[in-house]
Amino acid sequence: MASTMPSVSQRFIVMSPRESGWVIGRQTSARPRGCQTPALDSPRRLRIVRGGRWFRRPRPNALEDAMSLLRLKVACLVAASALSASAGAEKPLRLVAEAEDFAVASGEWKVLPFPENYYASTFAICFLSRMACLSAPAQVPAGKEAIATQAIAVPYAGEFQVFARYEQPYNFSVEFTLEVEQGGKAVYRQTFGRLEDPKIWPLNGHKRVPMERFGWGGTDNIVWQVKDAVKLAAGPATLRLIAGPQLDGGKPRAMAAERHVDVVCLTNDTEGLEAQKKTSYLELDGWLVQDGDLFVRFHNPKDGLGPCIPVIEPFGGGQHSPYWVHVRDWPTTQVLKSGRLVSETKYLLAGPRSNVVRPDLLAPVLDPTQLKAIPDSEYLQPGERSGWVPMGQALDALNNSQWFPVAKYKNAKQKELDLELEFAVPTPRGRLDTIRTVRVKGVGGYHSPLTFEIPGNVTVNHTIRTQVEALQWLKRQIARFPRIGSTPKRLPIYGLMEFSGACGQDNEIGRLATEIALALGDNTLTPLRGPWAERLGVPKRRSAIVAHWSPGNLDAFKKTVEDADQKGKLSHIAIVSYGDEIHIPPAKGDDARLAAWLKEKGVAVQGDVKFTDDPTQPLYYYSRLWAFEEGIRHYAEATRWLEERAGKAVLTGANYSPHANYLVTDLQWVRPFKMRGMTMPWSEDYVSQIPEASVQIVGYLTSAFRCGAKYHGLPIMMYVMPHFPNNTPRDFRLSFYTCIAHGATKINYFCASPLATGGTENYISTDGLDMWRAVHDVTHEAGIFEDYVLDGRVRPARVALLLSSVDEILTGDTNFKGGIHNAERKAIYYALRHANVPVDFLTEDNVIDGISNDYALIYVTQQYAHSKAIKALAEWVRGGGTLVALCGGGFLNEFGQPNPDAEALYGAKSGGITKDPTMTQVLAKQDLPPSKPLDTARWGSTAAEAIAWKQALSPTDGKVIGTFAGGQPAVVEKQHGKGRAVLFGFLPGLSYLKSGLPLRPVDRGATNAAYAHYLPTTMDVSLRRALVEGLLPQGLERPVVCSEPLVETTVIDTASPPRLAVPLMNYTGRPIKALTVRVNGLASAAQVRSVVQGKLRPRFEGGALLVTLPLEVADMLLVDR
């Protein structure tokens, strides 16, 4: 599409296959220079060239221009060195060299743009300086080296510490050598990225360690490393990056990753380095600005607001890398008629980009001692224009940011601003090339007509737009999306244009934001979000979410509700959030109340009842269970009071963060909803942030919530987050449909807001049109299927996974500690879903109460289990059930003592569990591929690794059907009447999951090719058959069977009118041209449709409905009986 941008020239940067470096060229635009009212329909983006193909045709002299620029850079920097030596050599130096600016001399170094790198996200430590890095492959041929160089100029002689910023995947080496040459000699040579060397890590309290294991996984693994110092003379020098083979014992290292080098920095700024330790994020990142990349000059219009002094100052609130966490000491510039006044800094900023533009083209730097009081003659009068002024030094280099100009008017009462800004970037010959001229008027702020979105790589991406222009552009793009479905009327969609506050603006920004929300399919908008809802005809409704009204202090909670009622807000509220990423806290101990509770429960206790927090005490389990239930009762009291005040239409909930283990529990995922502590289960996906096996895990979370929601028929809300970069449209769509498939009836995008107006990390890149299209499409598709989902119910399964409050309390496992049994349970869940077998969750109470009688197969992964649950399971097995216990089996009871009925149930004694000390937590993609098994096991024709845990088994009257490598019992089976119990002395599910996960660096990438979005497809089919089909009772029919087993399905049944929905989620990672879906037990149908394909022609065979259709990512069959 041809650009309609208004600049004189359209610059572009591509990668030459010969030079493998940045090649800079120009392309003349047809739009005249004087155009100041651009139509911004086509943001100009970086195009990367591969294989010698140009995405944009360069001018014939582009390479010559690039070489001219390189020569000019060195010349300017050398000249600047002399100036600096006399003007400010005493200031500590920060010399920053961007790795992507290095010229490739040999080998396979190449420029890698954000977000194609390992860590590319909207959050945490996932940003690259100038949004690109220099990449070398994990291995180069033996005896070869990849070499890239960059010329620098050292302002003054001194000794400088040498730092490099690069991506350091967990437990993978990324070795590269940095060499500094001066005067024809190598004066410095050190190797970075070795596993054994200490590095500067984020989020670890500033400890310098070789490798940091974050509890959520190795997905924030960008580091700085300092390796000694170099003595340099003033003048030119050369930096050289060298990538060679990465070897272990002379052989290519298996765990070697691509080398992604971001920045090289030479500094003697010891005070600045010490100040950087005040951040909890990554030190030195606060130094990264776009110095030398962007320039501006101001024109005070003739019909402006009077004499003024324009000001360029950093806007901390507009920084999104990820937000306001960096220690930044950037200067402020006042623009006067005769030059510029720059606030004092304690450092000298230098580097190849800093002095590219010829100094004589810029407004001179003025001496502040001569201008303590700025005279009237220095104000820009109406009709006057300033000189060119650098502004890159006040702009974040790690991400796009919001920025607005400031002006000091002679009339101090003047609060508005009215200026014309002309933006320019350097040309190859050291001049300035205008890329945008625009007049802005208003009052500046986070949201304002003055506020711009500035790219983090402005020399590559020239799309500088005001927030109004960005929203206008986005609105136009959404209007061009193909029409599909309709805005849902019943299934609530939250998070469209929310959180940033843009909709709340009583101006053009608020109007446009609200219109975009409605165009995307918003159906929960109320006047609480802003004035434009009512103005645009949104009907009055009770649909708003308010956050966060904590019930911790019940009196304060009641006052908050009463205040909202008095202000007329309560009638709009549908959901009250009790907190974000929380769990219900337990109550403090109380002996008397514990004793009364135990008596009520019928638990006999010898001696006095004493509440205990000591895990070795017999009453520990009941003390903790009482504390949890007492905490839930406190929440239940708040919920009950709110319902009495506002009606039961108002729901209560709290977003449960499942990170990092995706641990689901009885205590938090079931019991609070069973006891009506809250009335809406609610969690989030965010799988792309964590090295979980697959986004398919959201079904595991939603299914666990179904176990808690079933008691009172509660609705489930799930965060399905389209954050981009990080999530991909494919995985977002998979998550949306998977949540719906497993019982979610409310969806919250938290948040689909553009970066131009976004808040914190909760945004979609303004021009991330593929993701905006995905959000639009699934929202409108909900308008097609919502009646089938909201009137229906997920069909109960015949297979279940057990949740145990006893095991949860006595192990003390959390989302960041332990959870090995949960890792196995997740792996079994994946195996079941990969075999088209539906699965539910059951608690010990469900088993004791007889709900398990509706199930044919139950998997148990716990070490501890309630003694009553073991008795009930034994009775259930005798009635024909199949019980499968996986390295545990509940041999220990609620008092931490041996469970007397477990031995009889399994026909074996447990000799204890050997636990691998290196596997105290299992983050699937990170920990399973490199894991070393404790043993191997074989049963029948199936073999598996014993990973993390190994249980010693001594058979009594059970039959050994599998052994470890040394012949010890590994699998024991015991028949009980019509049923059987099978006990594994290891965790076969982990072995199954490992078979589908390649050994790759864990990342937080933003493409489907990234490991974060890798969908496992190569699992051991024979092992899956042994763990699923080999254990299923004969005659158990799957409700739906697909020709491709990695297509996940559920059935959502509606009794009246008789109909059903079959969601289809494609976890193969590739489009399927012809998928055959067999719906068993359906001998006829009045009509069959697909949400995506429309009306289908079914056929019927053997009492089943069959349809064949293409499936790209996700769809849903809608069957009217």
Restricting to the stretch 1102-1121, what's the tally of residues that are under 13 Å from VAL1092 (Cβ atoms) and of a type outside the set (Gly, Ala, Ser)? 10
Pick from the stretch 1014-1055 the residues that are part of a loop (DSSP other than H, G, I, E, B) and β-branched (Val, Ile, Thr): which of them is farthest from the chain's Cα centre (by Cα)? VAL1028
For the stretch 220-241, which residues satisfy the criterion of being part of a loop (DSSP other than H, G, I, E, B) and either surrounded by fewer than 21 Cβ atoms within 10 Å (Cβ to Cβ) or in contact with an Asp or Glu (Cβ under 7 Å, 6 or more places away or on another chain) (or both)? ASN221, ALA233, ALA234
Is it the case, given these coordinates, that ALA709 is buried (at least 23 other Cβ atoms within 10 Å of the Cβ) and assigned by TED's automatic domain parsing to the domain that holds ALA519? no
Sole exception among (1) closer than 25 Å to HIS462 by Cβ; (2) more than 27 Å from the chain's Cα centre (by Cα); (3) charged (D, E, K, R); (4) in a loop (DSSP other than H, G, I, E, B) for LYS302, by number: (1)
Please indicate, with yes or no, whether at least one residue in the stretch 310-330 is without any contact (Cβ under 8 Å) to a residue 12 or more places away in the chain, in contact with a helix residue (DSSP H, G or I) (Cβ under 9 Å, 6 or more places away or on another chain) and outside any helix (DSSP H, G or I). yes
Which members of the stretch 652-704 meet the condition of being hydroxyl-bearing (Ser, Thr, Tyr) and more than 26 Å from LYS925 (Cβ to Cβ)? THR652, THR679
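Given the criteria buried (at least 19 other Cβ atoms within 10 Å of the Cβ), among the hydroxyl-bearing types (Ser, Thr, Tyr) and more than 33 Å from the chain's Cα centre (by Cα), does TYR855 qualify?
Judged against the criteria, TYR855 is a match.
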Do we have any residue at all in the stretch 901-913 that's in a strand (DSSP E or B), surrounded by fewer than 18 Cβ atoms within 10 Å (Cβ to Cβ) and not small (Gly, Ala, Ser)? yes
Cross-chain or 6+ apart pairs with Cβ under 6 Å, the stretch 965-990 first and in contact (Cβ under 8 Å) with a residue 60 or more places away in the chain and in a loop (DSSP other than H, G, I, E, B), then buried (at least 21 other Cβ atoms within 10 Å of the Cβ) and basic (Lys, Arg): PHE986/LYS950
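Of the residues that sit in the stretch 572-604 and are outside any strand (DSSP E or B) and touching a residue at least 60 places away in the same chain (Cβ under 8 Å), which one is farthest from TYR656 (Cα to Cα)?
Among residues in the stretch 572-604 that are outside any strand (DSSP E or B) and touching a residue at least 60 places away in the same chain (Cβ under 8 Å), the one farthest from TYR656 (Cα to Cα) is ILE584.
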Counting only residues that are of a type in the set (A, V, I, L, M, F, W, C), touching a Ser or Thr at 6+ places or on another chain (Cβ under 8 Å) and closer than 15 Å to GLY510 by Cα, the stretch 429-472 contains a total of 3
Do any strands (runs of 3 or more DSSP E) entirely within the stretch 79-197 hold 2 or more residues that are buried (at least 21 other Cβ atoms within 10 Å of the Cβ), and if so, which? 93-98, 110-113, 132-136, 146-154, 158-167, 176-182, 185-192
Can you tell me which residue is nearest to GLN951 (Cα to Cα) among those in the stretch 802-852 that are acidic (Asp, Glu) and surrounded by fewer than 24 Cβ atoms within 10 Å (Cβ to Cβ)? ASP813
Criterion: touching a Gly at 6+ places or on another chain (Cβ under 9 Å) and either within 30 Å of LEU1064 (Cα to Cα) or in the same structural domain as GLU692 (by TED's automatic domain parsing) (or both) - qualifying residue of LEU802, LEU810: LEU802
So which of THR738, THR779 ends up being under 22 Å from GLY217 (Cβ atoms), assigned to a helix (DSSP H, G or I) and either among the β-branched types (Val, Ile, Thr) or in contact with a strand residue (DSSP E or B) (Cβ under 6 Å, 6 or more places away or on another chain) (or both)? THR738
How many residues does the stretch 257-300 contain that are crowded, with 21+ Cβ neighbours inside 10 Å and either touching a Cys at 6+ places or on another chain (Cβ under 8 Å) or more than 30 Å from PHE160 (Cα to Cα) (or both)? 9
Take LEU1082 and tell me if it is surrounded by 13 or more Cβ atoms within 10 Å (Cβ to Cβ), free of Cβ contacts under 8 Å to residues at least 60 places away in the same chain and over 22 Å from THR738 (Cα atoms). yes
Please return the ranges of helices (runs of 4 or more DSSP H) entirely within the stretch 605-682 where 2 or more residues are modelled with pLDDT of 95 or more and charged (D, E, K, R). 620-646, 671-674
List pairs: first residue in the stretch 1094-1113 and in the same structural domain as ARG1070 (by TED's automatic domain parsing), second residue in a loop (DSSP other than H, G, I, E, B) and among the basic types (Lys, Arg) anywhere in the structure, Cβ distance under 8 angstrom, at least six positions apart or on different chains. VAL1107/ARG1097
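The values are calculated or read from the model by the stated rules, or taken from the named source; none is laboratory data. On a predicted model such as this, the values are computed, not experimentally measured, just so you know. Quick reminder, even Gly has a Cβ in these numbers, built from the backbone with ideal geometry, and neighbours come from all protein chains shown.
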